[in-house]
Amino acid sequence: MKTQELFNITAPSNKMDDDTFTRLISWSKLSIDSDTSFSFRGKYNNYEVDFAYDSDGNLDIECFGFSNRNRNRNRNGWVELKPTQKQISIMKSILDNVNIQREDKPIKYTYFDLYYEYGVSRANFY
């Protein structure tokens, strides 16, 4: 058997399987970064994903992979994976279906007396 064939058989895949990706996406939560930007972040076991649209409207995937402490591919053990086209389309559809409705309501100023709130009299302190 040739060396390249052996490497292709035994080398770890750089793709995330669909079952893990489905669970990871189901654990993802919406994170509102500012008034105009938001992202989805999720962790499942040692897998992580963080994706959003950038300012140009393109899909920006911050992290997509897993941390592996047993194998040191790099110093911190992070293994970056490449999403498939199906996974990319799922992430885009999730971002497209986000409906954020914000209503900026003015905060009503209510004065409350801490002395009255805690049941003491002001006369006790003067």
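Got a sec to turn the phi values of segment 117-124 into Karplus ³J(HN,Hα) couplings, 6.51 cos²θ - 1.76 cosθ + 1.60 with θ = phi - 60°, whole Hz, x for Gly and Pro?
Once rounded to whole Hz, the list reads 4, 9, x, 10, 9, 5, 5, 6.
Using θ = phi - 60° and the Karplus form 6.51 cos²θ - 1.76 cosθ + 1.60, what ³J(HN,Hα) does each residue of segment 83-88 get, whole Hz, x for Gly and Pro?
x, 7, 5, 5, 5, 5
Net charge near D18: determine it from the other residues with C-beta under 15 Å of the C-beta of D18, scoring Lys and Arg +1 and Asp and Glu -1.
+2
The numbers here are math on the coordinates, done by the rules we state, and not lab data. Since we're looking at a predicted model, the values are computed, not measured. So basically every Cβ, Gly included, is an ideal-geometry build from the backbone, and we count neighbours across all protein chains shown.
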